[in-house]
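Where a number appears in this text, it was derived from the coordinates with a stated rule and is not lab data. Just so it is clear, the model here is predicted, and its values are computed rather than measured. Quick reminder, even Gly has a Cβ in these numbers, built from the backbone with ideal geometry, and neighbours come from all protein chains shown.
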Amino acid sequence: MSAATPAASTPDGASSSVAGAPAGESSSSNVSDLDRMVLEYLRSRGHKELEKAMEEIEKSAAPADDKGKQPETAPSHTISQEELIKQLAIFAQKPANPDENAFKDSSSVLQELSTMGNPQNIQNLISSIGPVGAEEILSLDPTDKHEGFRELESWVDGSLDMYRPEFRPILFPIFCHFYLDLVQQGYREAAQNFYSTFSPSIPSIHHATLHHLSTITLPYHVQTDEVAQRFRSEKYTVRMSRSGFSLLIGWLTEGFGGEPTGTGDGFSGEKGKRGRAAVMRVVNNHLRFDVSASSTTSVSPLTWEESTGFLSAVVPQTNGSNVDASAYNSSKGELKLGPAPISEELRAETERTLRDQAMVDHDPGAQYDLHFARPAPPAGLASPAISDLPPHPPSFKTVDVKREVEKVRDARKRIRLDPSALTSASLNTPQGAAARARALPSICAYTFHDVGEGVPCCEFSPDTSLLAAGFSESYIRLWSLKGEKLKGMRSDFQMNNVRDVSSINKIREKGGSTTRKLIGHSGPVYSVTFDPIGGSGSPPRYLLSSSADATARLWSLDTMTNVVAYRGHQNPVWDVKWSPMGIYFATASRDRTARLWSTDRTSALRIYAGHLSDVNAVGFHPNSLYLGTASSDCTARLWDVQRGACVRVFYRHDDIVSTLAFSPDGRYLATAGEDLAIRMWDLGSGKCVKKMAGHTASVYSLAFSAESSLLVSGAADWTVRCWDVKAAGGLPSKVKENGTMVNGTSEDHPPEKETESTET
């Protein structure tokens, strides 16, 4: 029979054509495959009730003759992406836009179905599915992220030279989100392949974060890791010019521009659209663009990279809105950065003592002491009044007079270091040796022997008579640098027997040695500091220490015992520092706060909260009005000591900030940490004025010379480097290592400038 000839009637009256039978089987097979895909998807998403409902619908819709039968073979077939969306996502055309799915937005499904007159049971079924469908299945395709990032990188590299530094910072946040998405969705092998393929193209300043991300390999890690959750919950700020932002939008929407030679039609083809869609999802959900009115060529190439990050979280809000660090600092007004004033009574007594000692000592240089006793006010700095200082005793003591007298004498006798003298002198001549003596400090090194678990901290007393070190074994050890015996009080003395100085000497220990161990902490000691009340004029009387046991302790150096334990922090206390006034001190802790204490109270006076991670270091401004903090959230902050308010935010570091130091003249703050760079900040404007690079490992300590002209840094690369603070920077130069020229370069990055160092 031909295909047009009717077939014989069957017993039940059904008839079919020979040619139509295979077509019917193929159509039934296609429907069965689609139903199975829907059921598998619902099962993977955990929709148990919907899965049962779909099975019931399938059974009720199946012909009676086909029930209980299994197909012999499942024919292979391929459908387009659009067809999959239309069939799997229950595609329905919108009247206004026939190519758009009316059921894509689950919140409007019921409304759309009502207008179409669909049955109520189908409405309830689809509305309960939630935001799932073929679009989401396609968004989970791991190849889209690989292709999207490859195309984004090609577009950035193919951009004009003037735009490339502006576009490159966007690669890092998109890389991180793509990697975390792959891990979250269970594509572990695809995530590792994505990381190994594209991580080398990410700038080196992000290598620490990339290494941390490489340890995240399971969905559970993404949900519990602090760094991953920060990427998920906060928006990453990217700074761009207006023209650069327009070019990025053009590429995301249409695939225009930047395509390098040999890429083919990847930007405009089907893969290109899906890759750009994956990038677009990250841009819309996780990035915040700070569009600058400045032209691309007017901004330093390095500034684009350093103006990115989680700025909205680390910079406090101003008037309820997020601003960048520069705008926030400007809104806080002028700071009083001049030296702290002293009372006229103390100044008069200091000058009288200086005149009396000059007559006794017959020192010809003493005639200049009065000049140093009344220094000229610094230019360009607002000086505080006595009323601006934190509360302090109304009257002075003998120790205050001795401190001020020695301060004047030190200012007259001190060798003034001038690093600029090295720029014009030849180091191989006698004049060069004299210039080196003027420019660089002398060195006195001490070595700790037989320290099994390390020495987390050490400190010299202001008069250089004592050295204190904190040990990981939970104790502190003191050394007398003058060879004097350190004697404490006998344990059997009675307080009623103490009447004068001679009676105190009688109850001291008879023996003694040049070293002493102080025991009291129950965890490693992370910081020690001597009280500054006596200055260089007399030995210190007290020592402060902080520890992993979440306490700070005050030790009496007269009795060699622990006097007070200050409790309040909930986690290890990383740092403790005295105020220059000697009455107050500050602590920094893992609980993300810094706290202000006074020696006569066991509870904190102020809590400085705002950092997003550990506060690693604290330091007082020379006039005691401000407190600086350095944190693992890659920022440093300046706080008003009395009000407890943040008045400056310093955000340019690329990793943990582990240490800071104020210049003695009160103008600058130096910070350093895990990103290997030292940054100099102008406290008045809050801007970074200089970046000093040279260390090859984390920087853990900083110290200024008394003239604020030299900065010394110590790092884990086993070097100590001396930096010319006031150098203007400029062309690449060479680092001087112990007077010998060695390889080293620096770059000029306005408005901040890199400068050279002298390595010791």
Using the structure shown, select from LYS577/LYS726; LYS402/LYS517; LYS407/LYS482 the pairs with a Cα to Cα distance greater than 25 angstrom.
-> LYS577/LYS726; LYS402/LYS517
Euclidean distance of C-alpha centroids, region 602-681 and region 526-561, integer Å | 22
Pairwise label distance in nanometres, GLU344 with ASP157, each label 7 Å out on the Cα-Cβ vector | 7.4
At a Förster radius of 41 Å, what calculated FRET efficiency corresponds to the Cβ-Cβ distance of THR215 and GLU453, to the nearest 0.05?
-> 0.95
For labels at MET359 and ASP600 in the simple 7 Å Cα→Cβ model, what's the distance in nm?
-> 3.6
Amide H proximity to TYR700 below 5 Å, modelled H, separation 5+ or other chain, gives GLY714, ALA715, ALA716
Once SER246 and ASN497 are pulled to full extension, the length gained, defined as 0.36 nm per residue separation minus their Cα-Cα distance, is 82.0 nm
Calculated FRET efficiency for the pair SER199/SER474, C-beta based, R₀ 35 Å, to 0.05 | 0.30
The ³J(HN,Hα) series, computed from each phi in region 678-694 with the Karplus coefficients 6.51, -1.76 and 1.60 at θ = phi - 60°, rounded to the nearest Hz and given as x for glycine or proline, is 10, 10, 10, 10, 7, 5, x, 9, x, 9, 7, 9, 7, 10, 10, 10, x
For region 561-575, Karplus-derived ³J(HN,Hα) couplings (6.51, -1.76, 1.60; θ = phi - 60°; whole Hz; x for glycine and proline) come out as 9, 7, 9, 9, 10, 9, 10, x, 5, 9, 9, x, 9, 7, 8
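Give the calculated FRET efficiency between MET280 and GLU334 to the nearest 0.05, with a Förster radius of 41 Å applied to their Cβ-Cβ distance.
The value I calculate is 0.40.
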